[in-house]
1. Ignoring ligands, DNA and RNA, how do A:Trp241, A:Trp198 rank by accessible area with a 1.4 Å probe, largest first?
2. Given C-alpha coordinates of region B:157-212, what is the ratio Rg to Rh with the Kirkwood estimate of Rh?
3. Taking just the alpha-carbon atoms of region A:18-67, what radius of gyration and Dmax come out, in angstrom?
4. Placing unit charges on C-beta atoms (Lys and Arg positive, Asp and Glu negative, everything else neutral), compute the dipole magnitude of region A:134-280 about its Cα centre in debye, rounded to 20.
5. Quick check on region B:59-367: of the DSSP beta bridges with both residues there, what percent are antiparallel, nearest 5%?
6. How long are the three semi-axes of the equivalent ellipsoid of chain B, in whole Å, if each is the root of 5 times an eigenvalue of the C-alpha gyration tensor, listed from largest down?
7. Over chain B, with the other protein chains present, what is the accessible area per residue in square angstrom, probe 1.4 angstrom?
8. Under the definition of Cα pairs under 8 Å and six or more residues apart, what whole-number percent is the relative contact order of region B:59-367?
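The values are calculated or read from the model by the stated rules, or taken from the named source; none is laboratory data. In this text, all values refer to a predicted model and were calculated from it rather than measured experimentally. Reconstructed Cβ throughout: ideal geometry from the backbone, glycine too, with neighbour counts over all protein chains shown. Areas reflect the complete protein model, heavy atoms only, side chains present, ligands, DNA and RNA absent. Shrake-Rupley method; radii C 1.70, N 1.55, O 1.52, S 1.80 Å.
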Amino acid sequence: MKEHLLGLEGYTGDEILEILELSKTFRQVLDRDVKRLPTLKGITVANLFFEPSTRTRMSFELAEKRLSADVINFSASTSSVKKGENLRDTVDNIGAMKVDMTVIRHGAVGSAQFIAKHCKTVVINAGDGAHEHPTQALLDFYTIREHFPDFKGLKVCIVGDALHSRVIRSNVFGLKALGADVTLCAPSTLLPMGVESWGVKVNCDIEEAIRGANVVNIMRLQLERQTAGYIPSLREYGIVWGINSELVDLMDKDHIIMHPGPMNRGVEITQDVADAPESVILPQVTNGVAVRMAILYLLAPRSGDIHE
Amino acid sequence: MENETKFVIKGGRVIDPANDIDEVLDVYVEDGMISRIGGKKNYQDRAVIDATGKLVMPGLVDIHTHLREPGREDAETIQTGSLSAVRGGITSICCMANTTPPVDSSAGVRFIYDRARYAHCWVYPVAAISKGLKGEELAEMFDMAMAGAVGFSDDGRPLSNAQLLRNAMTYAKMFELPLMLHEEDLTLSSGRHMHEGVASGLAGMQAVPSVAESGMIARDVLLAEFLEARIHICHVSAKESVDVVRVAKERGVDVTAEATVHHLLLTDEDVVASGFDSNFKMNPPLRAKDDLAALIEGINDGAIDAIVTDHAPHPPEDKDCEFAVAPFGVIGLETSASLVYDKLVRPGIIDVKKMVELMSYNPARIVDISAGTLSQGANADIAIFDPEHKWTVSGRAMASKSRNTPFEGWELTGKPVWTMVGGEVAFDELSR
C-alpha cells in the first residue's frame, strides 16, 4: 500500500485484491452486534468535504468511528473561487491541530495530490473533480467479487457520463488492472477525448454494450448536462440510455446491477431494475463502510492489531 | 577605463543575421551605438570586454511580456521585469496592455514610458485595441499610436466580435502598427484549464480543444486577407494553428506569428507528471506532443516568425493552489535564451543564427523598433552568451518578483552573461 490513496491509476491487480481481501475482515465486523474495533484509537481523522456529499461522507465517518478514531468534519462549498482562506492553509491549520489523516472531497482535479504534496497528513481521496474516486471503485470491486470471484474476462458494462465521472475513471483503471472486459456506454457528447486509448470497449449503443454483460454499473446523470447542452433532455437520455428490464434481459443470465447512488429513478434506471433481486445497490453501500475501514487501517500512521 | 562610453567586445563569435555575420570579430561601441564591427584592432582608450569563447549577439527582443505595472506591483514592476530581462540577455521588451487599469489611453502609454525611464532595458508599450479590454468599442488607437504604442493587443482576451476586429484592422492601417491577436473562441474554452486530449481525458480535467485557437486564427487571417490588413498572431500553440498561418502566408496574407518557449518545450503530459502543478497552467494551454513537433517545424520553415516568453508573473500566493483555481501564466524572461539554446540549438534542431533571428531580429521587425541587429550605427544593445555556462533554474534566484516557472530545477548549459543596453552595461556576470 502506498503512503496515500489518491487514485487507482497505477495500481496492479494484486495490490487491489490485497485491499479487497483485507476488507472481508472488516465486512464481517459489520455483521457483529458490537460493530467497533479499537484499531485506530488515538488516531484523528478529518473529513474535508468541499462539495456536497451525503453517503460518502457518512460512510467514511462510520468507518472511522467503527475503528475508534477521533473524527472531525469540515464542510464548505467551493463551487466557485471564493476569496478567503486557500485550500493549503485550511488543511495546514487542521494539520496543526495534530490531525493524522485527511479524507478530502474537492471539485478540483488534483486537489488530493495537492494536499499530499504540500501538507503533512495521510490523504485519502474521496473524489477530486472528474478525476478519481478510488474508494467508490474499490467498494464496487468488492461487491462484484462477492458474486464473481474471478475478474479475469468478467464482462462489465459501465453506463453513463464518462466525460465528467470520477467513478468511471477509477473503475476503468482498477478493472483493467484486474483483467475485466470493460465496455463503456454513453451518449457520444459525454465521452472524453482519447477514450479509445483507455483500453476499454466504447459503444454508444446500449443494446450492444449491455448484451452478455455480467455486471452493469449505472452512473447518475446530472441535470447540469442538459443545461450545458451535452444532451437535449433527461427524458431523451432516459428513453435511449435508461436501463430498464428489457435491457437487463439482454445481459448474461448470471448478472448483477450496480449504481453508486444517488439514483435518479426513471432517468438512468427504472424502478423495476433498481429493486430487482439482482440489484446489489444497497450491498454496495454496506460494503463501502468495510472497504473504507480497510483503507484507513492500511494507511493509518500507527496501525494497531485488527484482532485486538 | 579612460572613457565609459567606449567599449570593445573582443574575441567573441559575432552572430548578426541582419548582416549575415557569423565569425569571430571585435565589436566597437561608442556613444551608445555600434561604431563598427571588425577592422583595425584598437584596444586603447576604451573598456575592453573579453568575449573569447562566447557568442556575441544583438540584444534579444521579447515582444510579449506582462509587467503588471500599474496595478499588480506585487507580482512585477517595470523595474523588476526589465532587470529580469537583461539577466536573460533581453534588451527590448514589449509589455501587454492588460494591467489594472489597462493601457487603453495615451495617458496609459505615457505612464509606461515614464516608468520605463528607470528600467534596465528598453520598454515599449503595446496598447489595448478595445476600451477596457472589453471587446466592445475601439480604444483611442490613433492617440495611443502618436504617444508611442508599438502595437495593439487585448492580449489575455480574444476579440470575439468580428465587426470590432474588422474596424480595428482597417483603422490600424493608418498608422502601420500590428494588431497582436490573442486567439480564443470563448464558447469552446471558458472554464477550462488544460489542453483537450488523451491526458485531459484520463485526468477528468475540463479541457480546451485546439480548435478554440485555430478556428479563430482562420477567421482572422481571412479577415486580414479581405481587408489587406496586417496582423500578428500571439502564442500559437496548436498544430492546426501553424497550418492555418502557413497557408495564410502562402496566400500572401500580411501575417506574422509567435510561439512561446514553454509551448516549444513542454506538453500536456508534463501537466499530469507535475501532479497538476499550477506553474504548468497557462493560456493557451500546453498542448500535445504532435503540436510541439508542429511548432518546431513552424519555426524552421518560417510559419512562426518569433519566439517570445509571454512572461506572466503571478505571486506565489496566487499560484499556490489547486490547478483549476490558479491564474494562467508563467514567467520566462530570465530563462528563455538558455532554454532555447540548450534544448533547441545544442541538439541541432535550429542553429544559433536562427535562434537570434527568432529571438531578436524578427521580433524587432514585427513591432518595427530599432533593435535586433549589430549594424553600424544601431543602438548598442548587445548580449554576450556563454555556451558552456552550466546553471540550475531557480525561481527564487531570479530578479522577477514572481517565481512561477515550470522549469524549476532544470539544469541548463548556456547562459547570457553580459548585457549592454544603449551602450550601458546592464548586466555583468562575465567578469566574475
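1. Sorted descending by solvent-accessible area, the residues read A:Trp241, A:Trp198.
2. On the Cα set of region B:157-212, Rg over Rh gives 1.18.
3. In Å, with Rg to one decimal and Dmax whole: 12.3, 34.
4. On the way: 13 positive and 19 negative charges, 102 e Å.
Dipole of region A:134-280, to the nearest 20 debye: 480 debye.
5. Of all bridge pairs located within region B:59-367, approximately 5 percent are antiparallel.
6. Working: eigenvalues 223, 119, 86 Å².
Rounded to whole Å, the semi-axes are 33, 24, 21.
7. Values: 15610 Å² over 432 residues.
Per-residue value: 36 Å².
8. On the way: 675 pairs, mean separation 53.6, N = 309.
Over region B:59-367, the number comes to 17 percent.
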